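The values are calculated or read from the model by the stated rules, or taken from the named source; none is laboratory data. On a predicted model such as this, the values are computed, not experimentally measured, just so you know. Here Cβ is always computed from backbone atoms with ideal geometry, including for glycine, and neighbour counts include all displayed protein chains. Each accessible area value is taken on the protein alone, full model and side chains, heavy atoms only, with ligands, DNA and RNA left out. Shrake-Rupley method; radii C 1.70, N 1.55, O 1.52, S 1.80 Å.
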Amino acid sequence: MDVVIVGSGISGLFCAYKLSKFTKNILVISKGSINLSNSYWAQGGIAVAIGSKDSLEFHYRDTIKAGDGLCDEERVKKFVHVGKEVVLELINEGAPFDRDNDEIGLSIEGGHSVARIIHSGGIQTGKNLTNYLIQSLKEVNFLENTKLLGLIVKNNRVYGVILQRDNEIFRIYSKFVVLATGGASGLYLRTTNPYTATGDAMFIAYKSGLTLENLEFIQFHPTVFFAPDNSRILISEAIRGDGAILLNEKGERFIDEKETRDKVSRAIVLQNKVYLYAGNIDKGLILEKYSYLYNLLKFYGYDLTKDKIPIKPSAHYFIGGIKSNLDGTTEIKNLYTIGEVSSTRIHGANRLASNSLLECLVMAKLCAMDISKKLKRVKLREIYYNENIESYVVSHEERELLDRYCFIIRDGDNLKRALKKIKNENLIKYIFEFALRREESRGVHYRIDFPNKDDKFLCYFQVKRGEITLEKKKT
Ligand SMILES: Cc1cc2nc3c(=O)[nH]c(=O)nc-3n(C[C@H](O)[C@H](O)[C@H](O)COP(=O)(O)OP(=O)(O)OC[C@H]3O[C@@H](n4cnc5c(N)ncnc54)[C@H](O)[C@@H]3O)c2cc1C
């Protein structure tokens, strides 16, 4: 193989799409079915500075402001710039984005100073874009229901992957490996993510020698409806952009609904019960733009055009991950990570809504460009040695600890107590370790015992081969 891409979310598919112009010798692997991914479930849309009232500078500033001191400014500049380029390319190639008259429609979400979110099929952006990319990838090979078990790494270079399908374990050698395996917010019991989002591939990369960082920064989505059958329905931020309000049990508003997610989520957990109310919005708009959500909620007995919908926050987006550059290059030669599995420091301590799909597109494009330049130079090699396949053990008790003690509001004593109960070396252990060490409140990380920001923590916590260190942010 030239390239094995692990993950069929938007970052993996878009990388395959861009690479397919240079080689057809690509294999895309997914743990479940091809469309079981966070990407497929993404609703709100993609943030991009294409509006006449917008600019790259505004998008840059909003991203930096949300990131609360920890964004890598140079990378954010490049991100908004390449982001615009890549979305315009997609629009020109015919990707199915919604239009208002002849123009691409733009909406506003929390933390954005102007309308800059593009959509497809109302709130079915992820599904439509995934399907569009799959259709465009007729010549690429897919292997579904296949799990990454290990990476073939020797002398700091990757040679392929070890996979499992049913009971069969096998290797595939390739010149390049791209991990596009998504985040790990599915480790929480209260989560908006599919069951596949547990970070096992992130842990495999760590065991192969890569650095993990920023694991304490987990973004919670403020408005999730929990159905009696345990289904979780995310009520898109866009509806608050269109005017929906949040009410407490006394029927009072308690927060500016257009605030960033961290502030809205924190305000919600301090209330007893919270409801989202969209009855003040034009019914026609709801039925047109949110028909999917309207129908889902109707199934559970709620009318979005007039009822108060009970909501709770849930773990949603994993800001940290494998330390990598914007083009996905990592500390291991020919091994790339793109999309939510990576930590590029673009989001700083808090991701601006709808910047993640843009990050998937930007990283995938830059990664494909980098690989295409090296494709002819790198030779395929099959190497033999006995890799240890490390099992990734996460117990239900450990996941419960995350929900109880490392949710939206954290405190040192509880973090310490929980850490003592964690027996396995896994991501949960390091989420707790980092959350305990960050004795301040910044972005999505809120410590009730350290409620203020502290410049001493303008740094990134990292772990490599069991050793926890911190890297100061460049000023
Ligand atoms: C409900 C919901 C709504 C969202 N809405 C928005 C939005 O509107 N705008 C926005 O910008 N962001 C949104 N996000 C976040 C965004 O969807 C994700 O950040 C993004 O889709 C991540 O894409 P990805 O390609 O990195 O990974 P994913 O889409 O998560 O795909 C991961 C892939 O890796 C595979 N995989 C994982 N582990 C393994 C393994 N061990 N072996 C083999 N395969 C593996 C999975 O099967 C899957 O195919 C939303 C997230 C959720 C959950």
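Quick notes on this structure:
- If you filter segment 119-131 down to residues that are outside any loop (DSSP other than H, G, I, E, B) and among the small types (Gly, Ala, Ser), you find that the one that is surrounded by the fewest Cβ atoms within 10 Å (Cβ to Cβ) is Ser120.
- Per-region count, segment 340-380, residues outside any loop (DSSP other than H, G, I, E, B), near the ligand (Cβ under 9 Å from one of its atoms) and open to solvent by less than 10 Å² (accessible area, probe 1.4 Å): 7
- Subset of segment 36-62 [among the hydroxyl-bearing types (Ser, Thr, Tyr) and within 15 Å of the chain's Cα centre (by Cα)]: Ser37, Ser39, Tyr40
- Some residue of segment 384-396 being out of contact with any Phe, Trp or Tyr (no Cβ under 8 Å at 6 or more places or on another chain), in a helix (DSSP H, G or I), closer than 30 Å to Asp68 by Cα and open to solvent by 50 Å² or more (accessible area, probe 1.4 Å): no
- In the condition set (1) in contact (Cβ under 8 Å) with a residue 24 or more places away in the chain; (2) assigned to a loop (DSSP other than H, G, I, E, B); (3) open to solvent by 70 Å² or more (accessible area, probe 1.4 Å), Glu400 is compliant with all but (2).
- Pick from segment 6-61, criterion assigned to a helix (DSSP H, G or I) and away from the ligand (no atom under 14 Å from the Cβ), ranking: nearest to Ala197 (Cα to Cα): Leu19
- Hits in segment 246-278 (condition: open to solvent by less than 30 Å² (accessible area, probe 1.4 Å), outside any helix (DSSP H, G or I) and farther than 16 Å from Ser354 by Cα): Leu246, Leu247, Asn248, Glu257, Val274, Leu276, Ala278
- A single member of Thr305, Thr223 is open to solvent by less than 50 Å² (accessible area, probe 1.4 Å), among the polar types (S, T, N, Q) and without any contact (Cβ under 8 Å) to a residue 40 or more places away in the chain, and it is Thr305.
- For segment 89-108, the criterion of being open to solvent by less than 10 Å² (accessible area, probe 1.4 Å), more than 13 Å from the ligand (Cβ to nearest atom), at pLDDT 95 or above and under 19 Å from the mean Cα position of the chain (by Cα) is met by no residue.
- Of all residues in segment 63-75, none satisfies being assigned by TED's automatic domain parsing to the domain that holds Leu149, within 16 Å of the ligand (Cβ to nearest atom), under 20 Å from the mean Cα position of the chain (by Cα) and surrounded by fewer than 24 Cβ atoms within 10 Å (Cβ to Cβ).
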